[in-house]
1. Of all the residues that make up segment 34-60, how many are under 20 Å from VAL99 (Cβ atoms) and part of a loop (DSSP other than H, G, I, E, B)?
2. Considering only segment 61-82, I want to know if a residue exists there that is in a helix (DSSP H, G or I), modelled with pLDDT of 90 or more and acidic (Asp, Glu).
3. So which residues in segment 35-66 are exposed (fewer than 15 other Cβ atoms within 10 Å of the Cβ) and not acidic (Asp, Glu), if there are any at all?
4. On the basis of being assigned to a helix (DSSP H, G or I), modelled with pLDDT of 70 or more and either surrounded by 12 or more Cβ atoms within 10 Å (Cβ to Cβ) or not polar (S, T, N, Q) (or both), does ALA17 make the cut?
5. Against the definition (of a type in the set (Asp, Glu), under 19 Å from ARG39 (Cβ atoms) and either at pLDDT 90 or above or buried (at least 20 other Cβ atoms within 10 Å of the Cβ) (or both)), how does ASP111 come out, yes or no?
6. Between residues in segment 54-72 that are in contact (Cβ under 8 Å) with a residue 60 or more places away in the chain and residues that are charged (D, E, K, R), which pairs lie under 7 Å by C-beta distance while being six or more apart or on different chains?
Amino acid sequence: MRPKLKLNVIIIFILVAIVSIAGELKSREEFMRSLPVYRRYRCLLCHKSSAPVSADLNGFGSEFRRNGYTWNSALALKDSDGDGYPNGDELGDGDGDGVADVGFEYSNPGDPMNVPNSIDRGTWGILKSLFEE
């Protein structure tokens, strides 16, 4: 193979690889956007590591994949990490309608050591109102 042709083949191969990786990362972002919240924990919502390219899925990530990467009431009612809190409560969307409750303390449904605030929503609202101007 001629040197110039060989270089062109290598460049095309690299470009195809970059486009493939970018498409995969974009789809992952779309998966996260289907959840009511994701910015705080990002990749750790579904993966055991913050480097998701090489990380295995955690319990929530596995459930999310089995559910077709769809957030709904079925997934909201499950307790994927076994910490005693349904996924919906941990993401601040107990009914799974895709709308997170405002002012709720979120936790990671993929990490059993990370649980929601132990103060119920009513009490939390009263406490917050004491400190508002």
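1. Matching residues across segment 34-60 total 8.
2. yes
3. ARG39, ARG40, ARG42, SER49, SER50, ALA51, VAL53, SER54, SER62, ARG65, ARG66 - these are the residues of segment 35-66 that are exposed (fewer than 15 other Cβ atoms within 10 Å of the Cβ) and not acidic (Asp, Glu).
4. Taking the combined requirement at face value, the residue does not satisfy it.
5. yes
6. Going by the 7 Å Cβ cut-off, there are no qualifying pairs.
The values are calculated or read from the model by the stated rules, or taken from the named source; none is laboratory data. If you're wondering where the values come from, they're calculated on a predicted model, not measured in any experiment. Note: ideal-geometry Cβ built from the backbone for every residue, glycine included; neighbour counts use all protein chains shown.
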